[in-house]
1. Cβ contacts < 6 Å: first residue in contact (Cβ under 8 Å) with a residue 40 or more places away in the chain and more than 9 Å from Pro47 (Cβ to Cβ), restricted to the stretch 57-69; second residue among the small types (Gly, Ala, Ser) and surrounded by 15 or more Cβ atoms within 10 Å (Cβ to Cβ), any location; separation 6+ or different chain. Result?
2. Scan Arg63, Arg10, Arg77 and give me the residue that is of a type in the set (Lys, Arg) and surrounded by 13 or more Cβ atoms within 10 Å (Cβ to Cβ).
3. Kindly evaluate Ser104 against the criterion of being small (Gly, Ala, Ser), part of a loop (DSSP other than H, G, I, E, B) and modelled with pLDDT under 90.
4. Got a sec? Which of Leu93, Leu48 is in contact (Cβ under 8 Å) with a residue 40 or more places away in the chain and either surrounded by 15 or more Cβ atoms within 10 Å (Cβ to Cβ) or within 11 Å of the chain's Cα centre (by Cα) (or both)?
5. Looking at Lys49, is it of a type in the set (D, E, K, R) and in contact with a strand residue (DSSP E or B) (Cβ under 9 Å, 6 or more places away or on another chain)?
6. Do you know which of the residues in the stretch 12-42 that are out of contact with any helix residue (DSSP H, G or I) (no Cβ under 7 Å at 6 or more places or on another chain) and of a type in the set (Gly, Ala, Ser) is modelled with the lowest pLDDT?
Amino acid sequence: MNIKKIFGQRNEIIEGHLNELRSKIGLADQKEEYIYAVREEICNACPLKNGNNCDTQKWINPRTMEVAAAPKEGFIRGCGCRLSAKQKSKSSLCPAGFWGEEFS
């Protein structure tokens, strides 16, 4: 396992939860809130969304939006993240490439 990747993911999770709290108490600025809302809309339309999570039991082809129950070439597995926090992590990316890097 890559220790840098593990710590990077931990930092993204913490950042997402802190920004989620900032949003709930009204401390996020308008630009941030707009980007968070766009990310939420994208996730809401994604067939991998299962409740508030990205389903790890499904794979998606980002070009065709085809969903599979098993790995296939060109398909990306759902990340398993709690979406309401991940969408608010400025350094996080959708693994299928549907959003990310808006804060770069």
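The values are calculated or read from the model by the stated rules, or taken from the named source; none is laboratory data. What you see is a predicted model, and the numbers here were worked out from it, not measured in a lab. Glycine also receives a Cβ, built like all others from the backbone with ideal geometry; neighbour counts cover every protein chain displayed.
1. Once the first residue is in contact (Cβ under 8 Å) with a residue 40 or more places away in the chain and more than 9 Å from Pro47 (Cβ to Cβ) and sits in the stretch 57-69, no partner that is among the small types (Gly, Ala, Ser) and surrounded by 15 or more Cβ atoms within 10 Å (Cβ to Cβ) comes close enough.
2. Criteria check complete, one pass: Arg77.
3. yes
4. Sole residue among the options that is in contact (Cβ under 8 Å) with a residue 40 or more places away in the chain and either surrounded by 15 or more Cβ atoms within 10 Å (Cβ to Cβ) or within 11 Å of the chain's Cα centre (by Cα) (or both): Leu48.
5. no
6. Going through the qualifying residues, I end up with Gly26.
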